[in-house]
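A.B. asks: I have a structure I would like to understand better, so I am pasting it below and will then ask my questions one at a time.
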Amino acid sequence: MSRDRDFTAVGRALSTPARSMFVNLLMDGTHRPAGELARAAGVSASTASEHLGVLVDAGLLTCRTNGRHRYYALAGGDVATALESLGMLADAAPVSGYRRSRQAEYLATARFCYDHLAGRLGTRLTDAWVRSGWLAGRDELTLTDAGAAGLAEIGVDVDGAVTARRATTRACPDWTERRPHLAGALGSAVGTRFLDAGWVTRHRSGRGLDVTEAGRTLVRERWGIDLSAVGR
């Protein structure tokens with residue numbers, strides 16, 4: 001079997017603005033109904049169905065049915081990582097109007113990249129944890145004993161991340177910040193803890209996150225990360 005990869009099917013699947021919009025909205029690991037995706041992309045339900053079928057056939061999305069409704073999600077963390085990396089090569093989508101501008105700022109400040117924190121929040125946390133010795137490395141991140149103790153102290157399920165059937169830590173390229181953020185089972189555990197503790201909340205539209213006042217205080221006082229001027 002050839003070691004080369006045929007990218008044409010994936011390229012064709014992503015070749016329309018509506019499909020690009022769909023995968024962008026699903027990058028946060030959520031399941032979204034077809035109707036919501038259609039409205040976001042500004043296309044009819046029948047057109048959205050055709051586009052979503054192409055993405056499912058290409059292995060980029062999965063679909064589950066609940067009664068009369070179909071819910072779509074990315075096909076897994078590997079797909080999210082590939083798309084996040086591809087985002088570093090792609091042009092930014094044009095932004096027009098105040099609402100779109102605010103959504104773009106939310107994405108840049110804090111968002112989920114599938115199941116882990118990304119944007120300024122994700123990269124700055126990763127940088128701070130490398131500086132403090134909680135993580136070792138840069139292109140390949142490793143959890144240290146000090147990191148395990150420190151993250152457990154703030155309620156992150158470190159033991160669960162270490163024993164998970166996936167890589168504990170992984171450096172995921174961040175397409176808005178152009179440097180890595182923490183992914184893998186530990187990145188997922190951190191994201192879960194930030195949500196459960198109310199340090200971040202999902203924004204009511206799009207995939208951006210609101211960093212709450214408690215979250216801003218936490219990252220400022222513990223790791224010297226100042227998000228006060230962004231993401232509001």
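For every residue, the table says whether it meets (1) buried (at least 18 other Cβ atoms within 10 Å of the Cβ); (2) assigned by TED's automatic domain parsing to the domain that holds Gly184; (3) in contact with a helix residue (DSSP H, G or I) (Cβ under 7 Å, 6 or more places away or on another chain); (4) within 22 Å of Arg111 (Cβ to Cβ).
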residue	(1), (2), (3), (4)
Arg19	yes, no, yes, yes
Arg39	no, no, no, yes
Val43	yes, no, yes, no
Ala48	yes, no, yes, no
Gly53	no, no, no, no
His69	no, no, no, no
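A.B. asks: Let me ask another. I'd like to know if the range 102-112 contains one or more residues that are farther than 17 Å from Gly191 by Cβ, surrounded by 12 or more Cβ atoms within 10 Å (Cβ to Cβ), modelled with pLDDT of 90 or more and not small (Gly, Ala, Ser).
C.D. replies: For the range 102-112, residues farther than 17 Å from Gly191 by Cβ, surrounded by 12 or more Cβ atoms within 10 Å (Cβ to Cβ), modelled with pLDDT of 90 or more and not small (Gly, Ala, Ser): absent.
A.B. asks: When only residues in the range 172-204 that are touching a residue at least 40 places away in the same chain (Cβ under 8 Å) and part of a strand (DSSP E or B) count, which is nearest to Arg220 (Cα to Cα)?
C.D. replies: Of everything passing the filter in the range 172-204, Val200 is nearest to Arg220 (Cα to Cα).
A.B. asks: Do we have Arg165 as of a type in the set (Lys, Arg), out of contact with any Cys (no Cβ under 8 Å at 6 or more places or on another chain), in contact (Cβ under 8 Å) with a residue 40 or more places away in the chain and in the same structural domain as Asp127 (by TED's automatic domain parsing) here?
C.D. replies: No.
A.B. asks: A further question on this structure: Could you list, in sequence order, the residues of the range 207-227 that are closer than 26 Å to Glu84 by Cβ, in a helix (DSSP H, G or I) and small (Gly, Ala, Ser)?
C.D. replies: Within the range 207-227, Gly215 is the sole residue that qualifies.
A.B. asks: Taking Gly59 and the conditions (1) over 26 Å from Arg202 (Cα atoms); (2) more than 20 Å from the chain's Cα centre (by Cα), which numbered condition does it fall short on, given that it satisfies the others?
C.D. replies: In the conditions (1) over 26 Å from Arg202 (Cα atoms); (2) more than 20 Å from the chain's Cα centre (by Cα), Gly59 misses (2) alone.
A.B. asks: Follow-up. Go through the range 108-142 and count every residue that is among the aromatic types (Phe, Trp, Tyr) and in a strand (DSSP E or B).
C.D. replies: Here the count works out to 1.
A.B. asks: Determine whether the range 127-143 contains at least one residue that is among the polar types (S, T, N, Q), assigned by TED's automatic domain parsing to the domain that holds Gly198 and without any contact (Cβ under 8 Å) to a residue 40 or more places away in the chain.
C.D. replies: Within the range 127-143 (the criterion being among the polar types (S, T, N, Q), assigned by TED's automatic domain parsing to the domain that holds Gly198 and without any contact (Cβ under 8 Å) to a residue 40 or more places away in the chain), the answer is yes, since at least one residue qualifies.
A.B. asks: Which members of the range 142-201 meet the condition of being modelled with pLDDT under 95 and at positive phi?
C.D. replies: Arg178, Gly184
A.B. asks: So which residues in the range 144-162 are of a type in the set (A, V, I, L, M, F, W, C) and free of Cβ contacts under 8 Å to residues at least 12 places away in the same chain, if there are any at all?
C.D. replies: Residues satisfying the conditions are Ala149, Ala152.
A.B. asks: Of everything in the range 55-67, what is touching a strand residue (DSSP E or B) at 6+ places or on another chain (Cβ under 8 Å) and surrounded by fewer than 14 Cβ atoms within 10 Å (Cβ to Cβ)? Give them in sequence order.
C.D. replies: Answer for the range 55-67, where residues must be touching a strand residue (DSSP E or B) at 6+ places or on another chain (Cβ under 8 Å) and surrounded by fewer than 14 Cβ atoms within 10 Å (Cβ to Cβ): Arg64, Thr65.
The values are calculated or read from the model by the stated rules, or taken from the named source; none is laboratory data. Just so it is clear, the model here is predicted, and its values are computed rather than measured. When we count neighbours, we look across all protein chains shown, and the Cβ atoms used for this are built from the backbone with ideal geometry, even at glycine.
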